[in-house]
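In what follows, a structure is listed as structure tokens, so that the remarks can point back to it.
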């Protein structure tokens, strides 16, 4: 599961997401990528959606980014126990995912 740093921080701070999904073993992992907001910031309103989308698009299309590596190969810099991404659920805000799926194995 890939989410932004801000969302991952809230999930781990306010829920037991790690414990809840531990029963799935290596089939489930929670990974996060920078969201374009500050380290102590979070999406506070619709006016920030453009910043988040632009940041994620830049990362998805950058050959050396963490997001692109996860989406196209299913692993992070040599972590061979990760399975490839087989499904991406993205809405119209995330148009760039089509480009990423054409590059790697995700579809």
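The values are calculated or read from the model by the stated rules, or taken from the named source; none is laboratory data. Keep in mind that what you see is a predicted model, and the values were worked out from it rather than measured. Cβ atoms come from the backbone with ideal geometry, glycine included; neighbour counts cover every protein chain shown.
For residue 13, which of the numbered conditions (1) part of a loop (DSSP other than H, G, I, E, B); (2) exposed (fewer than 11 other Cβ atoms within 10 Å of the Cβ); (3) modelled with pLDDT of 70 or more fails to hold?
Tallying (1) part of a loop (DSSP other than H, G, I, E, B); (2) exposed (fewer than 11 other Cβ atoms within 10 Å of the Cβ); (3) modelled with pLDDT of 70 or more, residue 13 fails exactly one: (1).
With the condition kept exactly as written, say whether any residue in the range 21-39 is assigned to a helix (DSSP H, G or I), surrounded by 15 or more Cβ atoms within 10 Å (Cβ to Cβ) and modelled with pLDDT of 65 or more.
In the first step, residues of the range 21-39 are kept if they are assigned to a helix (DSSP H, G or I); the result is 21-27.
From what is left, the residues that are surrounded by 15 or more Cβ atoms within 10 Å (Cβ to Cβ) are none.
Among the residues of the range 21-39, not one is assigned to a helix (DSSP H, G or I), surrounded by 15 or more Cβ atoms within 10 Å (Cβ to Cβ) and modelled with pLDDT of 65 or more, which makes the answer no.
Would you be able to say whether some residue in the range 56-63 is closer than 16 Å to residue 29 by Cα and either surrounded by 13 or more Cβ atoms within 10 Å (Cβ to Cβ) or at pLDDT 65 or above (or both)? It would help to see each step written out before you state the result.
Residues of the range 56-63 closer than 16 Å to residue 29 by Cα: none.
No, there is no match, as no residue in the range 56-63 is closer than 16 Å to residue 29 by Cα and either surrounded by 13 or more Cβ atoms within 10 Å (Cβ to Cβ) or at pLDDT 65 or above (or both).
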